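Structure record follows, encoded as structure tokens.
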Amino acid sequence: MKTQVAIIGAGPSGLLLGQLLHNAGIGNIILERATPDYVLGRIRAGVLEEGLVSLVREAGVADRMDREGLPHSGTQIAFNNELRRIDFHKYAEGKQVVVYGQTEITADLMEAREASGAPAIYEVVNVEIHGVTGDSPYVLFEKDGEQQRIDCDYVAGCDGFHGVSRKTIPDDLRKEYEKVYPFGWLGILSDTPPIDEELIYGLSDRGFYLCSMRSHTRSRYYVDVSLDEQVEDWSDDRFWDELSQRLPEDIRGNLVTGPSIEKSIAPLRSFVCEPMQHGRLFLVGDAAHIVPPTGAKGLNLASGDVNYLYRILLKVYKENRLEATKQYSELCLRRIWHAERFSWWMTSMLHNLGDEIDRKIMASQLDYYTSTEEGMRVIAEQYVGLPYEEVV
């Protein structure tokens, strides 16, 4: 097989990149180790920045998102038994976010991929990436016990933290930064109406909580737990009771409980790999970076990588500007470190970390940034997403 861009990974970033490239007439093949059903079964976040919303529209896959997505012009932060609202329209120049599940985006992109006829090969194993420092990269993989080869111009590694792409960069050329947090988020998905029309991030004496949603009838809730907790020890009743005790009194009565559809504990960490490019191999999304979910940046950061790589490849194939690829890592990492800092900061303010003086200082920060015009502007501008830089 031969193509222009080999994409490793059929998650939302790989599928979005593939759709954008296909629409621009740039050939690509997507490889994925899992089945389509497994990919669609991954429960992930669903707060979309305006940049990602625009990119999905540019890819021509926005009909259902525009019809079913929930625009949010603000979010709420609760502490000291009170709610404080951050108004995005007021403090972020009229911008907003859209709540639309990552699973739904993936389903839309899969449907568009199939309709386009562009190849996506699932259930592949033993993927190997070769020749990326030369002019003729190629990818080896096995499908149904038979080894196959894709010759290509470029490789996009969209295969996540545990994928082969990042490990293709030699150890002596790769620097990895990681911070592991001493807790996880226990999350529950239920077919119950959300407690509020906007997300609520909260901190109580019992710990952090997040009240989120996927639709008007499906809710997603989280509480932080220690890393030695097991999800099997948390019955639905125990979860709902714990969440209820953490909520402010004036909204506790709005909580509607019900059977869980999905329940899991996600550890929190910050991770960045530098550089994100090795010759003709580009790392995209979780292959290069992970953020705590507190800032709602995971999928949005991946979309930034997709945006930059897509624009760069347009320069390469439409303007014959091969040197445009050299700016990829710098453009991505500048945005990534801003998001890493914001996510770390939000996590630090909204969790009971450190010693007593650290907690007092973070409580003071939380009060300042939710009660002053300057503070609310800082949160709003970064939560809705910093603008993409221009690719030159």
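Any read-out appearing in this document is the output of simple, stated calculations on the displayed coordinates, not a laboratory observation. Note that this is a predicted model, so its numbers are computed, not measured. Neighbour counts are summed over all protein chains in view; Cβ atoms, including those assigned to glycine, are modelled from backbone coordinates with ideal geometry.
Axis angle, to the nearest 10 degrees, between helix 328-350 and the longest C-alpha principal axis of the chain: 20 degrees. Taking Cα centre as origin and charging only the Cβ of basic (Lys, Arg, +1) and acidic (Asp, Glu, -1) residues, the dipole magnitude of the stretch 210-333 rounds to 960 debye.
Every Cα-Cα pair in the stretch 122-251 was counted, and those over 27 Å apart are 50% of them. The separation of the stretch 230-258 from the stretch 51-82, counted between C-alpha centres, amounts to 25 Å. Compactness of the stretch 185-267, taken as the C-alpha radius of gyration over 2.2 N^0.38 Å, stands at 0.99.
Taking a ≥ b ≥ c as the square roots of the eigenvalues of the Cα gyration tensor of the stretch 161-313, is the shape rounded (a/c under 1.5), prolate (a/b larger than b/c) or oblate? Because a/c hits 1.5 or more and a/b exceeds b/c, the stretch 161-313 counts as prolate. Among residues other than L55 with Cβ under 12 Å from its Cβ, the summed charge is -2 (Lys and Arg +1, Asp and Glu -1). Principal-axis analysis of the Cα atoms of the chain puts helix 236-246 at an angle of about 60° to the longest axis. Taking the Cα centroid of the stretch 260-307 and of the stretch 372-392, what is the distance between the two, rounded to the nearest whole Å? Here the two parts' Cα centres lie 19 Å apart.
Think of the chain as having a plus end and a minus end, set by charges on the Cβ of Lys, Arg, Asp and Glu; of A10, T347, G202, A10 sits farthest toward the positive end of this dipole. Sites listed here are GluC sites (Glu not before Pro) in the stretch 93-128 whose DSSP assignment is loop and whose Cβ has at most 11 other Cβ atoms within 10 Å: E93. Of the cross-linked pairs K2/K318; K95/K297; K297/K360, those separated by over 22 Å at the C-alpha level are K297/K360.
Annotation: the residues T347, T257, T217, sorted from fewest to most other C-beta atoms within 10 Å of their own C-beta, follow the order T217, T257, T347.
Per residue, the convex hull spanned by the alpha carbons of the stretch 242-392 comes to 174 Å³.
Relative to the dominant Cα principal axis of the chain, helix 102-116 is inclined by about 30°. DSSP beta bridges confined to the chain are antiparallel in about 75 percent of cases. Altogether, the Stokes-Einstein calculation at 4 °C and 1.567 mPa s, with the Kirkwood radius of the chain over Cα pairs as Rh, returns a diffusion coefficient of 59 µm²/s.
Rounded to the nearest 20 debye, the dipole magnitude of the stretch 32-108 is 240 debye, with +1 charges on Lys and Arg beta carbons, -1 on Asp and Glu beta carbons, and the Cα centre as origin.
Evaluate the charge dipole of the chain about its Cα centre and quote only its size in Debye, nearest 20, assuming +1 on the Cβ of each Lys and Arg and -1 on the Cβ of each Asp and Glu. It would help to have the intermediate numbers written out before the result.
Values: 41 positive and 61 negative charges, 177 e Å.
For the chain, the charge dipole is close to 860 debye.
Contact order for the stretch 185-267, expressed relative to its length and based on alpha carbon pairs under 8 Å spaced 6+ residues apart, stands at 44 percent. Annotation: the residues L301, L331, sorted from fewest to most other C-beta atoms within 10 Å of their own C-beta, follow the order L331, L301.
Comparing L21, P71, S226 along the charge dipole axis of the chain, the residue lying farthest to the positive side is L21, per the Cβ-charge model.
Distant-in-sequence amide contacts of L199, defined by a placed amide H-H separation under 5 Å and a gap of 5 or more residues or a different chain, comprise Q76. Counting alpha carbon pairs within less than 8 Å and at least 6 residues apart, what relative contact order, in whole percent, applies to the chain? Over the chain, the number comes to 20 percent. Panel order for C158, C332, by other beta carbons found within 10 Å of each beta carbon, from fewest to most: C332, C158.
Taking other residues whose beta carbon is less than 12 angstrom from the beta carbon of E262, and scoring Lys, Arg as +1 and Asp, Glu as -1, yields +4.
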